[in-house]
Every structure is written in C-alpha cells, then in structure tokens.
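Just below is one structure, and these are the notes that go with it.
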Amino acid sequence: MLTPTSRPTRQRLVDAAEKLMRTTGLASATTKAIAREAGCSEAALYKHFASKEELFVRVIHERLPNIAPLIGELIADPGERGVEECLAELVRQAARFYEEAFPMFGTLLAEPALRAQYQDGLRKIDAGPHLAVEGVARYLERERERGRIRADADPYAAAALLMGACFQRAFFIQVSGPDRVPPAEEFAAAVARTAWAAVRP
C-alpha cells in the first residue's frame, strides 16, 4: 500500500489542490500552500504544471463530474437515446458539476484582482466554464443537422439556458440551502422536458 509521500508527486499535488480548493477556497490555495500540503517543493509543482490555473483545471477535469466526454459522445452518435433523454443526461452531469465546483470558486468571484489573474491564466491554456456552453451548443447543432430539433432553434441560446439553470441551482444551494432546490435527477428531468418542448420539430 502506498503511503501519502510514496504516491506519485503529480497525484499528491492534485490531491492537495483539491483539498485546499474545497476547504480554504481558491484565493488561499497558493502554489506554496499546495506544495506544502503535497509534501513537495514549489519547484516540483512547476515540473508537473505550468501554472496554478493549469493545476486547478486538472482538479476540475479529474475530480469533478466532467460533462466533456458525454458531449463528445452525443455529438458523434447519441445511439438509441432521444434528444430529451440526452438533454437530461447533460443537465444531470452539469448540475452535479456546478454543485461541487461552486464552493471552490467563491473566493475567486469575490476578489477582482485574483479573478483577473485567473481569467488570464485560463485564456493561456484555452480553458474555462464557457466551454461547457459551447460544447452543448455543438451537440444541439449536430441534432439540428440530424433533423431531431427544429431548424430555427438557436443551439447556443438553448445551451446557455440549460447550463445557466444548472449554475443557478448551485447558487441557490449555497445561498438558500440544498433543501430549497429539487434533487439533481428530478431537476434534470424537468429542465430537459421543458427544453425539449421548446426545440422539438
């Protein structure tokens, strides 16, 4: 069995970044604090990750519900699944992602200087939450080409509404409490049903 310090350095760094993001927030999760938590030097951190932003993106992709593989799968071939079912799967995963991610980014949203630094870092590695909306829009464009949604439907607007609903649910959980929102499964089914009614041929 691997002891904490015998695990690969990269894994320890991702573990440490995730822990600090969840417990102290993004602002306090400095590279120095992450390296200390991981039991290594900052120099070792930079051997594995070009920047703190890249490390945080890795945490998001590896440790949180990730919608990107599902989007790629649905663009390529939804199989026997209908559009409403596909939308429900997308909303379910996005709702869970935002629910877990929102607390991590609270301090980022509160500090303009840190937010600007983080935005710049994300641009450099072509990452960011906008990619989820763009990905869902590409899926809906593909469904429009297949003739499975209305020809005059706006894929980007529909994607923004779907992902925006997931983000709002996460916001309500943090501000009003989890008892004030429907469970993810129920929420996903209702949002998908409503979206499908708007875009169906």
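The values are calculated or read from the model by the stated rules, or taken from the named source; none is laboratory data. As the structure is a prediction and not an experimental result, all values here were calculated from the model. Ideal geometry is used to build each Cβ from the backbone, glycine not excepted, and the neighbour counts take in all protein chains shown.
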Worksheet entry | All positions within region 118-169 that are part of a helix (DSSP H, G or I), of a type outside the set (Gly, Ala, Ser) and exposed (fewer than 14 other Cβ atoms within 10 Å of the Cβ) | 119, 120, 123, 124, 130, 145, 168
Worksheet item: Going by the conditions given, is residue 84 within 17 Å of the chain's Cα centre (by Cα) and not aliphatic (A, V, I, L, M)?
Response: no
Worksheet entry | Looking only at region 106-117, and only at residues there that are surrounded by 16 or more Cβ atoms within 10 Å (Cβ to Cβ) and of a type outside the set (A, V, I, L, M, F, W, C), the one that is modelled with the highest pLDDT | 115
Worksheet, complete the sentence: Of (1) loosely packed, with under 14 Cβ neighbours inside 10 Å; (2) polar (S, T, N, Q); (3) within 30 Å of residue 201 (Cα to Cα), residue 93 satisfies every one except (1)
Discussion item. For region 28-35, check the following and say yes or no: at least one residue is β-branched (Val, Ile, Thr) and in the same structural domain as residue 186 (by TED's automatic domain parsing).
Written reply: no
Worksheet item: Is there any pair with a first residue in region 79-94 that is in contact (Cβ under 8 Å) with a residue 40 or more places away in the chain and a second that is part of a loop (DSSP other than H, G, I, E, B) whose Cβ atoms are under 7 Å apart and which are 6 or more apart or on different chains, and what are they?
Response: 83/148; 83/149; 86/78; 90/67; 94/67
Fill in: Whichever residue in region 25-51 is in contact (Cβ under 8 Å) with a residue 40 or more places away in the chain and under 13 Å from residue 104 (Cβ atoms) and, among such residues, is farthest from the chain's Cα centre (by Cα)
28
